[in-house]
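Notes follow once the structure below has been shown.
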Amino acid sequence: MADLVSGRVVARTLNPSAPMVQRNVPRKVALDVACGTGQSSRLFGKYFEEVIGCDVSGTQITEAQNTEKIPNITYKVAPADKLPTERESVSLVTVFQAIHWFDQQQFFQEAERVLVPGGCLCVCGYAAPLLSYKDKSEKLTDIVNTLVLRNRYRDIHLPYEEHERDDSLSIKLDLCVDDIIRYTSSKSFFSNYMRQYQDGTSILEDLRKSLMAELAPENIGADEKVIHAEFPLFILLTRKPK
Ligand SMILES: C[S@@+](CC[C@H](N)C(=O)[O-])C[C@H]1O[C@@H](n2cnc3c(N)ncnc32)[C@H](O)[C@@H]1O
């Protein structure tokens, strides 16, 4: 699935026959902004001579460096408004599941500085999961989605005239109730809630109870991966003019 995402992005942006390209842009350097622990950067390793992942958090960068070592991928501490690359040196700038944290105008100015003419910017995110289990799909999805509200980046105005949006991909997984609780507790909205109200464990317990109550008639355990989850992906692509 991961390859499908990076393959789609590369195919739509930097291939000679791609709709976003007038002339082939060499696949030399890709810059993955707000790379976290590098899982988005690693998607592009096989398509570029060099991939640079950067993130404002030193802790995330250390974890990325200690995860899987791939020779053509390096990681640097840098914020989105001060990218760690030279002017007109990058063919593809990506940002996965992070642009909502930035000052977007400053980030777009930096992307403009580092992109080669004809280079592409890709903004990607994924929405809260659609859950399905027998006739309980709508109810299970409603329970989880009360906590996660996203507009799927429909309010983001990309900086260049040539742009497109792709909503056709999704990540599909089989999950148990415990997985859904772990997923929820790892999300930033949950950390924010914890910072504000401290007692975040009670919303996790409530969530768990609601999901278990819905599955109770079926006698399903919290560790049984019977719930099918689909995380809709949205990919926004745009190209700097030549
Ligand atoms: C949800 S993680 C996404 C990580 C990675 N792109 C992925 O898809 O797995 C969001 C990341 O954005 C980073 N971040 C937030 N604000 C940032 C900023 N202004 N500049 C650079 N990174 C930032 C955080 O440190 C965090 O690692």
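Every number in this text was worked out from the coordinates using simple rules, so none of it is lab data. All values derive from a computational prediction rather than experimental measurement. So basically every Cβ, Gly included, is an ideal-geometry build from the backbone, and we count neighbours across all protein chains shown.
Odds and ends about this structure:
- By the beta-carbon count within 10 Å of each Cβ, the least crowded to most crowded order of E230, E49, fewest first, is E49, E230.
- Segment 53-121 - percent relative contact order, Cα under 8 Å, separation 6 or more: 34
- Residue of S185, S91, S170 that the Gaussian network model of the chain assigns the largest fluctuation, springs spanning Cα pairs under 10 Å: S185
- Ellipticity at 222 nm from helices only: DSSP H runs of n ≥ 4 in the chain, each -39500 (n - 2.57), divided by the residue count, give -9500 deg cm²/dmol.
- Relative contact order of the chain, pairs being alpha-carbon contacts under 8 Å that are 6 or more residues apart, as %: 21
- Sparse-neighbour loop sites [trypsin sites (Lys or Arg not before Pro); segment 115-176; at most 12 other C-beta within 10 Å; DSSP]: R154
- Choice from L204, L43, L158 with maximal GNM fluctuation in the chain (Cα, 10 Å cutoff): L204
- Sequentially through segment 230-242, phi angles give Karplus couplings (6.51, -1.76, 1.60; θ = phi - 60°) of 10, 9, x, 9, 10, 10, 10, 10, 8, 10, 5, x, 7 Hz, Gly and Pro residues having no value and appearing as x.
- Those lysines that a straight Cα-Cα span of less than 29 Å connects to K28, excepting residues fewer than 8 apart in one chain: K46, K69, K76, K82, K240, K242
- The fraction of all Cα pairs in the chain landing in successive 10 Å bins from 0 to the largest distance is 7, 29, 32, 21, 10, 2, 0, given as whole percents.
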